[in-house]
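J.: Below is one structure. I have some questions about it.
The values are calculated or read from the model by the stated rules, or taken from the named source; none is laboratory data. Worth saying up front: this structure is predicted, and the values here are computed from it rather than measured. Neighbour counts are summed over all protein chains in view; Cβ atoms, including those assigned to glycine, are modelled from backbone coordinates with ideal geometry. The accessibility values were calculated without ligands, DNA or RNA, using every heavy atom of the protein model including side chains. Shrake-Rupley method; radii C 1.70, N 1.55, O 1.52, S 1.80 Å.
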Protein chains: 2
Amino acid sequence: MEVQEHKFKVIGTRPIRHDGVDKVTGRAKYGADISLPGMLHGRVLRSPHAHARIKSIDTSAALALPGVKAVLTSEDFPKLAAGVVAMGELPMNPRYLSMNLMAQDKVLYDGHAVAAVAATSSHIAEEAVKLIKVEYELLPHVQNVLDAMKDNAPILLPELRTSGTPEKSDKETNIASQLRFARGDLEAGFKAAAVVVEHEFDTAMVHQGYIEPHNAVAQYNTDGQTTIWTSTQGAFTARDQCALALDIPASSIKVVPAEIGGGFGGKIGIYLEPLALLLSKKTGKPVKLIMSRADVLRATGPTSGSHIRVKMGANKAGKITAAQVWMAYEAGAFPGSPVGAGCMTALAPYDLENLQIDGFDVLVNKPKTAAYRAPGSTNAAMGTETVVDELAEKLGIDPLEFRRINGAKEGTAQPAGPKFPRIGFLETVEAIKNSPHYQSPQPKSGKGKLKGRGVASGFWFNAGFQSSATVNINTDGTASVVTGSTDIGGTRASCAMIAAEVLGLKAEEVHPVVADTESIGHTDMTGGSRVTFATGYAVYEAAQDAVNQLKQRAATLWKAKPEEVVYQDGAVSRTTNGNESMTLKELAGKLPRAGGPVAGRASVNPRGVGPAFATHVVDVEVDPETGKVEILRYTATQDVGKAVHPSYVEGQMQGAVAQGVGWALNEEYFYDEKGTLRNAGFLDYRMPTCLDLPMIETILVEVPNPGHPIGVRGVGEVPIIPPPAAIANAIYRAVGVRMTELPMSPPRLCKAIAEKSAKK
Amino acid sequence: MEVQEHKFKVIGTRPIRHDGVDKVTGRAKYGADISLPGMLHGRVLRSPHAHARIKSIDTSAALALPGVKAVLTSEDFPKLAAGVVAMGELPMNPRYLSMNLMAQDKVLYDGHAVAAVAATSSHIAEEAVKLIKVEYELLPHVQNVLDAMKDNAPILLPELRTSGTPEKSDKETNIASQLRFARGDLEAGFKAAAVVVEHEFDTAMVHQGYIEPHNAVAQYNTDGQTTIWTSTQGAFTARDQCALALDIPASSIKVVPAEIGGGFGGKIGIYLEPLALLLSKKTGKPVKLIMSRADVLRATGPTSGSHIRVKMGANKAGKITAAQVWMAYEAGAFPGSPVGAGCMTALAPYDLENLQIDGFDVLVNKPKTAAYRAPGSTNAAMGTETVVDELAEKLGIDPLEFRRINGAKEGTAQPAGPKFPRIGFLETVEAIKNSPHYQSPQPKSGKGKLKGRGVASGFWFNAGFQSSATVNINTDGTASVVTGSTDIGGTRASCAMIAAEVLGLKAEEVHPVVADTESIGHTDMTGGSRVTFATGYAVYEAAQDAVNQLKQRAATLWKAKPEEVVYQDGAVSRTTNGNESMTLKELAGKLPRAGGPVAGRASVNPRGVGPAFATHVVDVEVDPETGKVEILRYTATQDVGKAVHPSYVEGQMQGAVAQGVGWALNEEYFYDEKGTLRNAGFLDYRMPTCLDLPMIETILVEVPNPGHPIGVRGVGEVPIIPPPAAIANAIYRAVGVRMTELPMSPPRLCKAIAEKSAKK
């Protein structure tokens, strides 16, 4: 496949997004906007305990409250066998999914759903849940990943016997799984090192912090068919999960994706949808469930807190001789932390002969983690990229030069084994080196404030998965593009632009549509930075399918052979007779007499996923009195492949940096000694606002992905990986302390500065 | 193309309709159910005059009423040039369309829209229209088709100069167009006749009488894009008409088809949609317009009243030697009566050497006519089929035998020229002959009541036109079928069944979806009995496309060639290795690893339309004192091609007969001398209810259409054609009068009986 960049007319431009007016005028329909006649409102009763046995649930008082139509408990869910099934290409454990949707014999975290109510108003539903009497037997809980790995730790899932220690064991455990990537001779590698750096890191559990809380409206019909409206990253993914959790056919559910107010991985899983379905089935009415902010923070999927050990050695030339990483990630209450992705990505920016990476997926009494933008990778990079920085420092090598010496390129073997295709890591290093930011002098520390500059890199593999698209030619020669991909990051625009490029139309002449699960072919979730790559691929193929039909139609009109017709720049022309040509607009009006309308289609599962690399530089100012860190300047570069809509690529980079800054400096789940989340709101769960951030500068490095007809790589995730490490490295330059905990919040930084002073 | 009927497993069965539960539980969303946040309510001011010049419109008082947000007049519409443009395969006159939507300098009929208001409530809107002051100059009006053809008749459209008289003329005229089909030697034919029968007929303007009034909700966005929700027979047709009337691109409008409570042709045209769009544009809010029943009867499209002369002769052997038909149809206020279809169908059941058919499209001061179930054909058959009956009677030949002698078959030239493909007219005659009804004794007249039996036949050509479909394979091995065809007569079921047949699934395993104009390829309106034929054709092809992809996917899994894979009975198997096979359900789960999802697509404009013939028999009882006619027994046979879902075919036949009975006996537009419609409501516009009708017996004659892969013919229209003639023939047998007026209402029948008595 050859990417012919020079030919692009639409790709690379910056048209206004098609859904822009709807969104800025408030007309776009989010899940909370859905309202149906006779609709009931639901509310979920959640556990106040981190770990407890449910002795009894008495719903009688709630049911007796006027206006209450149904109460739901785990009794209403089918009992599912343990074990993993395939959901597309992803493994899924329906039993654990179901147990997370509604606690069975035990509650496993503060916020775990215990019961749900449907009533004629949300106020009545709220009153009703208070009337449900649950008798609990408190159990000891564990919330720290290292504590949870200890012998005699409180056990969350007694059935879990996967051996989590190096020696095989049949004991109960919280270690759901472990994996190791290793190659070369680690011992020899460290022996060959001139410098070895080793640190242990702790990173806090953090939430994606999307603005829109989870929601679901379900309407069950007596023929067994249910329609669900929900803000989801994947309508088909939501459908398949509901089907697995409730043991009903996927096709008995139609999911209509609402607009989505942020997801970042956290809206791939389901929480309310099956509850709404079952309540609708019980009541015969549509039922709506909406989470409060506290519900979102307590009971949806944040990403793992983690404990990470990194040991790396390098020789005097600056070549890394050995690298060892040990990572334990909090899975939350059920298996499934992103530790695997952490292992795949941790050392991937570097060409390493000797490495060992161990990863552990560990249950703790916290909400089941979900994906969060390059899941598992940011934690890992906090460890590896600060150690790399220290190695470079100790060897007296510029950190970017150190990356140039060790950086992965086409053909480099990844830690997980496979060799990289054409990638642009070193190009991002070069771009930072040449950036106005890096070329400007290091910031000078002022009165009482200390300044520093740090860099860090990140790698994300990106996903492919399945996508479908149809391209319909309108009677006026414009087109519509139908996909099944929820638009989170501007993918309506990118998909429309790809179709416009192929059809020779303007971007605004192509209308993008996000369809429900019955109206388009199967499409996996919006996640893994896959939509513009994979759904865009399907759109490209569907547009080509339309072009081929248009050529046939023109051939029919001209009584020519289809192969005599060329389609270029939005017009057909006849190769054997240069005089005959028609624009798409002209041809569209003649289709009725040429064989009928034209609609192209394609379904793909593309294998040529293009990996993404990012390198960032940040200048910080530290107030040593308070420990407060100010971001003075931030520049992000990234190999974005071919940028279909550069503004939205830049937006992805800026948004990810903002989240990375929050993760680096402020965000964390605070649990008290009882295991109760104490900061379940945006006042106390401190995300950065625009006042906390400078304008994030972006530099797009475009190394087209040879595995995609337009050269697209995923761009949404990798930019969240470098920020914490880059900021840690900048803090070190400012105040001389190597931070090993996230967030690097004022108290922690103050403490570290004080400890350093004490050592002097 | 070979129709392999014996193989059908789903086609021909009677599954429950997929939309049944939604419809019987009231959950199906009709246009009136649409409600949007901030929505305004509109109301249309209509002319109280049949013909008047608009001297001035003063909207100031209306605009001053609190709650009124906008007033619309023809000033808000673009001024369009005269002339006909192509809308798909149909001609369309945007200027007349626009003038019918909103009167310009003149009102042309009682009910003609003059202005519209949008206000915060429908009550305020209703008050506001009363405050609009319109100054009219009354003009003489004409409502009878023969009067309108006279020299010096009041002229509706002064620009109309199409010569309507045999001699070319440049005078103003109400004759919009005329056409003639002729062949053979008419004079010689009549000379060869042993018997000649000649009559003149008058039929009244009648309305389709759908239960659901017209409705439209429009939401204009500041980017120029509008979404319209409406109950329409064709979302794309509505879109294209709105675009033409408002001179904006079709793609700037998205039409979302609501469920539809009956259309019968009357919801192909548009009335409220552009008004709602313009009001929404003016106000920045969504605007909803709903017609009252009176609005529907006064201002939407009924079908033509007509004057018809029929002269036919036959020799002693019963062979028709000559036939002449002259038809003048009321177009209403703008050109476009169905007289062309009347001419095409009038004599088509018969094999005729000598014929002449003349048709005239005539403007009158009544609402612009619209299609109504086999438009133009029922009027014509009232003439031709009663004359045929009289010919047979006079020759002493059984009326069915007379049809056997003269009936058209494969190869017979139609009046319009083309020869019939394989048709089943004589099979319907034979079926009636052998029916339990016809085989039972003629009804015996009782005390004071007179009974009679009549037969009549009908022909309808059916339509093809453009349709698109996609067939999506679900992860659980079921499928969804997406089409753009509004489901009026059970076509969700028939389309799902065709896909199920091809895919080897059960009907209920295929979910039919009716999509909006952006989500599916172009699809013409639900009309012309075309959906199961043409959209079904697209579904068949799309399902085959899916099957081909499924074979490819299986081949990938088996490392085989696609041509080595066979798909049969919902399973793939390998021809070169009999052991390897997979059900669709198994294969569906493996698609992710076999190349991705499967979605088939097709767009068609099929040419192999199968004509439809019907023959009916009816027993009536006439009360000579009151003139009331009771339908005692009714049997309808029809060549339905291959009946995909026999119950819905029977339902089409029964419904059409019910409408035909209303047309025959009761329904008519009553205008007073001022040209005001006096029976604009269902109390006075008398449609038959279930109390007026016996159970309609149906006999399906299945002569597969060789032009369709399943053998489908359109079935929805032809059964409305025979009823008036059959009932007239039965009345003659009962009371000895040949009725020549529709409806054959009690006063008319009393009068005819009295006149006959007077002649004795």
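J.: Any residue in the range A:78-91 that is within 14 Å of chain B (Cβ to nearest Cβ), touching a residue at least 12 places away in the same chain (Cβ under 8 Å), of a type outside the set (A, V, I, L, M) and at negative phi?
T.: yes
J.: Can you pull out the residues in the range B:582-606 that are facing chain A (nearest Cβ under 7 Å), more than 30 Å from B:ALA463 (Cβ to Cβ) and part of a loop (DSSP other than H, G, I, E, B)?
T.: B:GLY595, B:GLY596, B:PRO597, B:VAL598, listed by residue number.
J.: Among the listed residues A:GLY224, A:GLY209, A:GLY269, which satisfies the condition of being within 13 Å of another protein chain (Cβ to nearest Cβ) and out of contact with any Phe, Trp or Tyr (no Cβ under 6 Å at 6 or more places or on another chain)?
T.: Residue meeting the stated conditions: A:GLY224.
J.: Kindly indicate whether B:SER445 is surrounded by 24 or more Cβ atoms within 10 Å (Cβ to Cβ) and on the phi < 0 side of the Ramachandran plot.
T.: no
J.: Checking the structure you have, find out if any residue of the range A:674-682 is within 16 Å of A:ALA204 (Cα to Cα), open to solvent by 10 Å² or more (accessible area, probe 1.4 Å), touching a residue at least 24 places away in the same chain (Cβ under 8 Å) and in a loop (DSSP other than H, G, I, E, B).
T.: yes
Condition check ((1) open to solvent by less than 10 Å² (accessible area, probe 1.4 Å); (2) touching a strand residue (DSSP E or B) at 6+ places or on another chain (Cβ under 6 Å); (3) in contact (Cβ under 8 Å) with a residue 12 or more places away in the chain; (4) not assigned by TED's automatic domain parsing to the domain that holds B:GLY662) across all residues:
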residue	(1), (2), (3), (4)
B:HIS123	no, no, no, yes
B:GLU172	no, no, yes, yes
B:ILE175	yes, yes, yes, yes
B:ALA182	no, yes, yes, yes
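J.: I'd like to check something: does the range B:496-504 contain any residue that is more than 14 Å from chain A (Cβ to nearest Cβ), at pLDDT 95 or above and surrounded by fewer than 24 Cβ atoms within 10 Å (Cβ to Cβ)?
T.: Yes, that holds for at least one residue.
J.: Any idea which of B:ALA542, B:ALA554 is of a type outside the set (Asp, Glu) and more than 30 Å from B:PHE461 (Cβ to Cβ)?
T.: B:ALA554
J.: Okay, next question. Are there helices (runs of 4 or more DSSP H) fully within the range A:51-161 with at least 3 residues that are out of contact with any helix residue (DSSP H, G or I) (no Cβ under 8 Å at 6 or more places or on another chain) and farther than 26 Å from A:ILE290 by Cα? List them.
T.: Those helices (runs of 4 or more DSSP H) span A:145-149.
J.: May I pose another question? Which of the residues that make up the range B:416-450 are in contact with a Leu (Cβ under 7 Å, 6 or more places away or on another chain) and over 17 Å from B:ILE721 (Cα atoms)?
T.: Hits for the range B:416-450 are B:LYS433, B:PRO443.
J.: Within the range A:449-489, can you find the residues that are touching a residue at least 40 places away in the same chain (Cβ under 8 Å), facing chain B (nearest Cβ under 10 Å) and within 28 Å of the chain's Cα centre (by Cα)?
T.: A:GLY464, A:PHE465, A:GLN466, A:SER467, A:SER468, A:ALA469, A:THR470, A:VAL471, A:VAL481, A:GLY484
J.: Only one of these is touching a residue at least 60 places away in the same chain (Cβ under 8 Å) and outside the structural domain of A:ARG46 (by TED's automatic domain parsing): A:LEU297, A:LEU272. Name it.
T.: Sole residue among the options that is touching a residue at least 60 places away in the same chain (Cβ under 8 Å) and outside the structural domain of A:ARG46 (by TED's automatic domain parsing): A:LEU297.
J.: Follow-up. Suppose we filter the range B:6-21 for residues that are open to solvent by less than 60 Å² (accessible area, probe 1.4 Å) and without any contact (Cβ under 8 Å) to a residue 60 or more places away in the chain; how many remain?
T.: Summing the residues that are open to solvent by less than 60 Å² (accessible area, probe 1.4 Å) and without any contact (Cβ under 8 Å) to a residue 60 or more places away in the chain in the range B:6-21 gives 2.
J.: Pairs please, first residue from the range A:650-671 and open to solvent by 10 Å² or more (accessible area, probe 1.4 Å), second anywhere and acidic (Asp, Glu), Cβ atoms under 8 Å, 6+ apart in sequence or on different chains.
T.: A:PHE670/A:ASP684; A:TYR671/A:ASP110
J.: Follow-up. Could you check, for the range A:561-575, whether at least one of its residues is within 14 Å of another protein chain (Cβ to nearest Cβ), over 22 Å from the mean Cα position of the chain (by Cα) and in a helix (DSSP H, G or I)?
T.: No.
J.: Confirm whether B:ALA758 is more than 27 Å from B:GLY266 (Cα to Cα), aliphatic (A, V, I, L, M) and part of a helix (DSSP H, G or I).
T.: When the stated conditions are applied, B:ALA758 passes them.
J.: Looking at A:VAL84 and the list (1) over 21 Å from A:LYS281 (Cβ atoms); (2) among the β-branched types (Val, Ile, Thr); (3) buried (at least 22 other Cβ atoms within 10 Å of the Cβ), which single condition is not satisfied?
T.: Failing condition for A:VAL84: (3).
J.: Regarding A:SER306, is this residue within 12 Å of chain B (Cβ to nearest Cβ) and in contact (Cβ under 8 Å) with a residue 12 or more places away in the chain?
T.: Taking the combined requirement at face value, the residue does not satisfy it.
J.: Being in the same structural domain as A:LEU505 (by TED's automatic domain parsing) and open to solvent by less than 20 Å² (accessible area, probe 1.4 Å) is true for just one of A:GLY596, A:GLY627, A:GLY589. Which residue is that?
T.: Matching residue, one of A:GLY596, A:GLY627, A:GLY589: A:GLY596.
J.: Of all the residues that make up the range A:514-556, how many are over 36 Å from the mean Cα position of the chain (by Cα), of a type in the set (A, V, I, L, M, F, W, C) and either crowded, with 24+ Cβ neighbours inside 10 Å or within 13 Å of chain B (Cβ to nearest Cβ) (or both)?
T.: 2
J.: May I ask you to list the residues in the range B:384-419 that are in a loop (DSSP other than H, G, I, E, B) and without any contact (Cβ under 8 Å) to a residue 60 or more places away in the chain?
T.: Listed by number, the residues that qualify are B:GLY396, B:ASP398, B:LYS409, B:GLU410, B:GLY411, B:PRO418.
J.: Run A:GLY184 past the list (1) within 14 Å of chain B (Cβ to nearest Cβ); (2) more than 30 Å from the chain's Cα centre (by Cα) and report the number of the one that doesn't hold.
T.: Evaluating A:GLY184 over (1) within 14 Å of chain B (Cβ to nearest Cβ); (2) more than 30 Å from the chain's Cα centre (by Cα) leaves (1) as the failure.
J.: Hey, B:LEU80 hits all of (1) modelled with pLDDT of 95 or more; (2) closer than 16 Å to B:CYS242 by Cα but one; which does it fall short on?
T.: Every condition holds for B:LEU80 apart from (1).
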